[in-house]
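**Q** I have a structure here, written as structure tokens, and I will follow up with some questions on it.
The values are calculated or read from the model by the stated rules, or taken from the named source; none is laboratory data. If you're wondering where the values come from, they're calculated on a predicted model, not measured in any experiment. Positions of Cβ are backbone-derived with ideal geometry, glycine not excepted, and every protein chain shown enters the neighbour counts. Side chains are part of the model used for accessible areas, which takes the heavy atoms of the whole protein and leaves out ligands, DNA and RNA. Shrake-Rupley method; radii C 1.70, N 1.55, O 1.52, S 1.80 Å.
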Amino acid sequence: MFNSVMNREKCIFVTLFSYLFIIGFVQCSESDYDGPMSITLYHALNLDSEPHWESRGHMTVQNAASGYVTSHQSPLDVESTRRLKVLSDKDSFYRLKAVVKTSQGREVNFLTFVKACALVESQLKDYLTVSVDHEGSVVGVSQSTALSSCASAATEKLPSNFLTTVEFKPIEQGPVPDTASYIQKLEREREARERGETKDNRSFLAKYWMYIIPIVLFVVLSGASNPEGAGPAR
Amino acid sequence: MSGHCVHVIRVISFLLLFKSSFCLYEDQIGKFDWRQRFIGKLKFSVLDSKSNVKKIFVATEENVVAALSMKTGELTWRQVLEKGPQGEIKFMHADSEVITVSGNGPFIVRGWNLANGYSHFEWNSFNDADEPHENVLWTYHHGKLYKVVMLDSQQVARIISYNVRSGGQLAAYTVNIPGFSRKCKAIGINLVCLSNNGELKGVTVVNSQFFNLDVSAETKGANCDLLSVDSSSDLPVLAIGCKQSKLLVAIKDNTFKALSETVPISAGVSVTQHVSGTHLIVLSKQIDGVIKVNGKVLETDQPVEDIQSSFQSSSPFSDIETSNSLCTLRRDRSVYCQILLSTVDHSIIFAQTSSKIMWTREEALANIISVELVDLPVSDIEAAIEKEFDNKEAPVDIGVPSGFVGMFLRRLTSQLLQLKSLLLTVVSLGESVEKNGLEVDLVRDEFGLHKLIVAVTSVGKLYGIDNLSGNVVWQKYLGEMETYKSIDKPVVSFYVQRTSRHLPYPAQCFILGKHKASDESMVYTFNPINGQPIGDGLHRLGYRAVQSLLLHFVDDQFLKGVLLLDSKGGLHVHPESQTALVSEHAKSIFFFTANSESGLLVGYTLAHSSLEKLVASEVWRIQLSHKITGLMSKSPLERVHSQGRVLGDRSVLYKYINPNLVAVMTQAEDPIHKNVLSIYLIDVVSGSIVFSIVHKRATEPIHLVHSENWIVYTYFSDKSRRTEIGALELYEGKTQSNTSAFSSVASFDSPIVERQAFILPAGIEAMKETITEKGITSKHILVGLNSGGILEIPWMFLDPRRPLGDIREEGVIPYMPELPLPAESIINYNQTLHRVRAIHTAPSGLESTCLVFIYGLDLFYTRVAPSKTFDVLKEDFDYLLITAVLVGLSVAAYATKRLAQRKALKQAWK
């Protein structure tokens, strides 16, 4: 039997206070994501709570709709590789900052993280999912790795380059009540019924012989097996 | 052939589903449910002295006009006006009928029948273009309604008089009031203004006659304000209220007459008729929870001994805000008064001098903001039994060695207790329950149906309500604490830290609010069973908490801690003794904050904490481009019984059950698409946007329910002018990524999302899903309709997998765009509920039954059984018949056995 879901990472959220972190953002009314935009990536390979951001690479998105991205990521040096392994051994997080700069020069910061061990075990193969809202603005960047969980397998050698796939996830259109096809279906059913009624002018027996025969058979058989009923015939 | 059969089956299953709606038999009305009707905080009141059946006419801050019975305080009639500023009651007058002026722009004048509240007349008064909407005063005199518009640009008051019944304009003229400030009041036929230099100016609206009063030095200055004084006489009286005290001023023969001494500001004052043209002033004041009343003659300043009295009740009273009184002369020349008081905690008290409190109404209950249903503790006898089996507690508890002797002794005592209680119940069948009143009743029943509703109101008053009877068991006013505001709604953080299951520790609840005078946060920890404080009780924290989080683990006393994030980013654990425990679990604690204005969501982890210091470090950040208007996580109590769903081809589609998934709604005004509603499903541990969906031209009211692997939301579609319901369902696919546990960090491909929309031919005020103990029972959705009904829709009707074609699956009904609204599915039958704010559901001990508490202006409690009461015998179960059948069968069995034996014996002899 399946039981309730156990969850390792719990986040119990209850209240939301509106006055939190009031950052005065001026939202441009015209979509400033139409043109090319750039995503600059920084990562933190330190164990402290305060991230120490180092440049990881740069991506240029020609057009979010087509998903055409040119990326340039600097290879990991020996020291960075060592620190990444330390992070992995300590079961800590690999934190990534993505600074999205629109064609109009507006900058928005996004943070995301993966488990360092998952990144190491995936051989630095990762995915960046860029979520886009209905106006084309980027609302979130999140990183995931090729292998989702850590098998704690020892990795001897890491490639020096990240192999990153960027995916654009546009917002989807909400469903609308499907009245048109429902009416069509009703029409079809009505037509089928009309057609059925005109065609089906067989007699009662012709229509329901499959129900009548078993009943008759049953009656006859039960009558035959009854000795009293069969008595006078003898 | 087979198609024909399928069609028949489909029709039958559809009919069965309709039949499975839950109707109540007539004799079951009020058996499991109760309704209480409220009116809200008192604004205007008139004590009726003329009618045969004495009534009090009231108008309230909740835009309600009502008549209360003077004897019992019950509602004789009630009329609920428009919500919000459109229905705000500006003026009330009652003599031959109740006249109200409400609204704020076009003003609506209505007349109500005194006896039954039927509407007599209604007309609108529109403002001229140059007239401001605020600063319009109303007064009534001899069948004429006067509207006084203060035109502050010209220091002129425009006075328009109307025929109150027809709305016909009788006259309009202007009065110059040089040097007036905005502090004006219309009273009787007079317009009175308090100027900035402390001069009181009055003008008669009928003939523009001026009169002046230079008020005494202490009431001068800008800090003073004009206050109205309720008067049941013809004498117009008002008060100049300053910081500490107020000065009473009466208007008599076009002159002001000030009372010789001032009254404390927190005292309730009212004026009433006395013998031979004199008037009485009745003063009431709260001192140490007791209300003291005294009175004197207005004209002579002579105190009236008869009125002097003091009232108290089981719970202390709070400060009085308004009072109204009516005094009459008895035959023996003694005076007795009836006093209506309204206190700062929104109670309405009605008392008689030289007697007692007649009744009180807890009107704070009209504004409940948060509710929990708390389990009751077990009875003393059961507690003793539990103690017997609880070995861990043994050495602490009794002090005898915990060997077999101790165990034996404890068993003996508990069994003696059981014997005693058995004897008691046998001797005095239920009498003992009556004797001890409420206290005895508050014990857990076998089915967990008896619980205590703990309600937090917007005014900061807490209530414990018995869920079976609806009686208030305890109440507590937290005067210093007020609520926070989030997305324009008052909120408090309200957690159950420990349930009553952990004997000998009492249940404990936690409330986080804001200190009234400062910016600091306040915490109140209390026992939900009796409302008594536990530990520090109500105390200030010394910092401003911006986020709170109930932890998911308990300490050795079974207490769940609360983690608080202050405005400077520091972390605090409440109680502090749990800090070490929290740092142990730090790796698995994630939380997030959301700023509704900027749309910024930030996720934190405690993973970087050390044993000495807790640190919250930012791990994810999402920047939504619009204002957040709603945020819905799943109920922490929820359990999902079935992990998948069997398809037509017998394969299993696994549900995507992510306990960390939160639905975030944003709304934007768009120049092209008008109102755009976006819903983002965000995993708040990993910070990834799992799914997002957008609806164009979707406006308020928007409600969202999030449970198991589905989300149901409603909005008003501007395009088709109707309420639509969207349903989303998330599936992992044909394989399950991890069968034992869900991990947000161990990511996988995004879930499959099924979606569908439906039409609901009604307006929606609130929405909530049912919840049961183990999640086996199917889910229903309770929808509060604006017609006052609560509709129960089986989730099956909102299933996004309802097929349009002929694809058949088990338990799936064909798609129909419009949802039915059968009258049998209205769970509150004819008990209309006004302004439903929210629906609270809680599991009971029975898997089949879900407890439902609906609050708003009215309270309604009931229970629902979405899959019918499969685990309880029916109410009208025929015990007699089954006993008779059983007895008959055994007798017959015995008799036939004997007969067979005899026959066998006889045959043996043959």
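**Q** Hey, can you tell me all the residues within the range B:550-590 that are under 29 Å from the mean Cα position of the chain (by Cα), under 19 Å from B:VAL685 (Cα atoms) and open to solvent by less than 10 Å² (accessible area, probe 1.4 Å)?
**A** Passing the criteria: B:LEU551, B:VAL562, B:LEU563, B:LEU564, B:LEU565.
**Q** Right, here's the next one. Give the residue, chosen from B:TYR524, B:TYR505, B:TYR543, that is of a type outside the set (A, V, I, L, M, F, W, C) and surrounded by 19 or more Cβ atoms within 10 Å (Cβ to Cβ).
**A** Selected residue: B:TYR524, the only one of B:TYR524, B:TYR505, B:TYR543 that is of a type outside the set (A, V, I, L, M, F, W, C) and surrounded by 19 or more Cβ atoms within 10 Å (Cβ to Cβ).
**Q** Looking only at the range B:676-707, how many residues end up being within 10 Å of chain A (Cβ to nearest Cβ) and over 19 Å from A:VAL176 (Cα atoms)?
**A** Quick first cut of the range B:676-707, residues within 10 Å of chain A (Cβ to nearest Cβ) only: B:676-680, B:682-696, B:698.
Next cut, over 19 Å from A:VAL176 (Cα atoms) only: B:682-690.
Residues that pass the stated criteria total 9.
**Q** Can you tell which of B:PHE742, B:PHE716 is over 27 Å from B:PHE590 (Cα atoms) and not assigned by the TED database to the domain that holds B:ALA607?
**A** On the way: B:PHE742 fails: over 27 Å from B:PHE590 (Cα atoms).
Result of the check over B:PHE742, B:PHE716: B:PHE716.
**Q** Can I ask one more? Regarding the range B:606-619, can at least one residue be identified that is more than 10 Å from chain A (Cβ to nearest Cβ), in a loop (DSSP other than H, G, I, E, B) and among the hydroxyl-bearing types (Ser, Thr, Tyr)?
**A** No, the range B:606-619 contains no residue that is more than 10 Å from chain A (Cβ to nearest Cβ), in a loop (DSSP other than H, G, I, E, B) and among the hydroxyl-bearing types (Ser, Thr, Tyr).
The rows are residues; the columns are (1) more than 28 Å from B:LEU614 (Cβ to Cβ); (2) of a type outside the set (Lys, Arg); (3) out of contact with any helix residue (DSSP H, G or I) (no Cβ under 6 Å at 6 or more places or on another chain).
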| site | (1), (2), (3) |
| --- | --- |
| A:ALA44 | no, yes, yes |
| A:LEU47 | no, yes, yes |
| A:GLU50 | no, yes, yes |
| A:GLY57 | yes, yes, yes |
| A:SER71 | yes, yes, yes |
| A:THR81 | yes, yes, yes |
| A:CYS117 | no, yes, no |
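**Q** Within the range B:274-294, can one find any residue that is hydroxyl-bearing (Ser, Thr, Tyr), exposed (fewer than 15 other Cβ atoms within 10 Å of the Cβ) and either more than 26 Å from B:GLY73 (Cα to Cα) or at pLDDT 80 or above (or both)? Reasoning before the result, please.
**A** In the first step, residues of the range B:274-294 are kept if they are hydroxyl-bearing (Ser, Thr, Tyr); the result is B:276, B:278, B:284.
Of the ones still in play, those that are also exposed (fewer than 15 other Cβ atoms within 10 Å of the Cβ) are B:276, B:278.
If we keep only those that are either more than 26 Å from B:GLY73 (Cα to Cα) or at pLDDT 80 or above (or both) too, we end up with B:276, B:278.
The answer is yes; a qualifying residue exists.
**Q** Now for a different question. Determine which member of the set B:ARG722, B:ARG755 is touching a residue at least 60 places away in the same chain (Cβ under 8 Å) and open to solvent by 50 Å² or more (accessible area, probe 1.4 Å).
**A** Within the list B:ARG722, B:ARG755, the selection yields B:ARG755.
**Q** Which condition number does B:SER740 fail, the rest of (1) more than 7 Å from chain A (Cβ to nearest Cβ); (2) open to solvent by 20 Å² or more (accessible area, probe 1.4 Å) being met?
**A** (1)
**Q** Ok, one more. Among the residues of the range B:128-136, is any polar (S, T, N, Q), buried (at least 18 other Cβ atoms within 10 Å of the Cβ) and touching a residue at least 40 places away in the same chain (Cβ under 8 Å)?
**A** no
**Q** Please determine whether any residue of the range B:858-877 is in contact (Cβ under 8 Å) with a residue 24 or more places away in the chain, in a loop (DSSP other than H, G, I, E, B) and within 30 Å of B:LYS41 (Cα to Cα).
**A** No, the range B:858-877 contains no residue that is in contact (Cβ under 8 Å) with a residue 24 or more places away in the chain, in a loop (DSSP other than H, G, I, E, B) and within 30 Å of B:LYS41 (Cα to Cα).
**Q** Between B:PHE553, B:PHE590, which is part of a strand (DSSP E or B), at the interface with chain A (Cβ under 8 Å from one of its Cβ atoms) and within 30 Å of B:LYS655 (Cα to Cα)? I'd like the intermediate steps shown before the answer.
**A** Details: B:PHE553 fails: at the interface with chain A (Cβ under 8 Å from one of its Cβ atoms).
Answer to the check: B:PHE590.
**Q** A follow-up question, please. Taking the range B:772-805 only, how many residues are in a loop (DSSP other than H, G, I, E, B), free of Cβ contacts under 8 Å to residues at least 60 places away in the same chain and on the phi < 0 side of the Ramachandran plot? Steps first, please.
**A** Here is the first cut: in the range B:772-805, the ones in a loop (DSSP other than H, G, I, E, B) are B:772-779, B:786-789, B:799-805.
Going one step further and asking which of them are free of Cβ contacts under 8 Å to residues at least 60 places away in the same chain, we end up with B:786-789, B:802-805.
Checking the rest, the ones that are also on the phi < 0 side of the Ramachandran plot come to B:786-787, B:789, B:802-805.
Adding up the residues that qualify gives 7.
**Q** Restricting to the range B:572-587, give me the number of residues that are touching a residue at least 24 places away in the same chain (Cβ under 8 Å), over 19 Å from B:TYR495 (Cβ atoms) and not hydrophobic (A, V, I, L, M, F, W, C).
**A** Adding up the residues that qualify gives 1.
**Q** Is it the case, given these coordinates, that A:SER148 is among the small types (Gly, Ala, Ser) and at the interface with chain B (Cβ under 9 Å from one of its Cβ atoms)?
**A** yes
**Q** Out of B:GLY470, B:GLY464, which single residue is open to solvent by less than 10 Å² (accessible area, probe 1.4 Å), modelled with pLDDT of 80 or more and farther than 20 Å from B:PHE526 by Cβ?
**A** When all the criteria are applied, what remains is B:GLY470.
**Q** Which strands (runs of 3 or more DSSP E) sit wholly inside the range B:35-112 and have at least 1 residues that are open to solvent by less than 20 Å² (accessible area, probe 1.4 Å) and touching a residue at least 60 places away in the same chain (Cβ under 8 Å)? Full working, then the answer.
**A** On the way: elements: B:42-47, B:55-60, B:64-69, B:75-80, B:89-94, B:98-103, B:107-112.
Those strands (runs of 3 or more DSSP E) span B:42-47, B:55-60, B:64-69, B:98-103.
**Q** Sticking with this structure for a sec: Out of the residues in the range B:817-833 that are of a type outside the set (Phe, Trp, Tyr) and open to solvent by 50 Å² or more (accessible area, probe 1.4 Å), state the one that is nearest to the other protein chains (Cβ to nearest Cβ).
**A** B:GLU818
**Q** Residue check, B:VAL304 against (1) assigned to a strand (DSSP E or B); (2) out of contact with any Ser or Thr (no Cβ under 6 Å at 6 or more places or on another chain); (3) open to solvent by 30 Å² or more (accessible area, probe 1.4 Å), all met but one. Which one?
**A** Of (1) assigned to a strand (DSSP E or B); (2) out of contact with any Ser or Thr (no Cβ under 6 Å at 6 or more places or on another chain); (3) open to solvent by 30 Å² or more (accessible area, probe 1.4 Å), only one is false for B:VAL304: (3).
**Q** Check B:THR699 against each of (1) among the β-branched types (Val, Ile, Thr); (2) modelled with pLDDT of 90 or more; (3) surrounded by fewer than 23 Cβ atoms within 10 Å (Cβ to Cβ) and name the one condition it does not meet.
**A** In the conditions (1) among the β-branched types (Val, Ile, Thr); (2) modelled with pLDDT of 90 or more; (3) surrounded by fewer than 23 Cβ atoms within 10 Å (Cβ to Cβ), B:THR699 misses (2) alone.
**Q** Evaluate the following for A:ALA180: is it open to solvent by 50 Å² or more (accessible area, probe 1.4 Å) and more than 10 Å from chain B (Cβ to nearest Cβ)?
**A** Spelling it out, it is not the case that A:ALA180 is open to solvent by 50 Å² or more (accessible area, probe 1.4 Å) and more than 10 Å from chain B (Cβ to nearest Cβ).
**Q** Can I ask one more? Which of (1) hydrophobic (A, V, I, L, M, F, W, C); (2) within 9 Å of chain A (Cβ to nearest Cβ); (3) over 17 Å from B:THR605 (Cα atoms) is the odd one out, the single condition B:LEU541 does not satisfy?
**A** That leaves (2) as the condition not met.
**Q** Same structure, new question: Any idea which residue in the range B:620-634 is farthest from the other protein chains (Cβ to nearest Cβ), counting only those that are among the β-branched types (Val, Ile, Thr) and either surrounded by 22 or more Cβ atoms within 10 Å (Cβ to Cβ) or part of a loop (DSSP other than H, G, I, E, B) (or both)?
**A** That would be B:ILE628.
**Q** Still on this structure: Of (1) open to solvent by 20 Å² or more (accessible area, probe 1.4 Å); (2) at pLDDT 90 or above, B:PHE748 satisfies all except one. Which?
**A** (2)
**Q** Checking the structure you have, find out if any residue of the range B:775-792 is within 14 Å of chain A (Cβ to nearest Cβ), surrounded by fewer than 21 Cβ atoms within 10 Å (Cβ to Cβ) and under 29 Å from B:VAL684 (Cβ atoms).
**A** Within the range B:775-792 (the criterion being within 14 Å of chain A (Cβ to nearest Cβ), surrounded by fewer than 21 Cβ atoms within 10 Å (Cβ to Cβ) and under 29 Å from B:VAL684 (Cβ atoms)), the answer is yes, since at least one residue qualifies.
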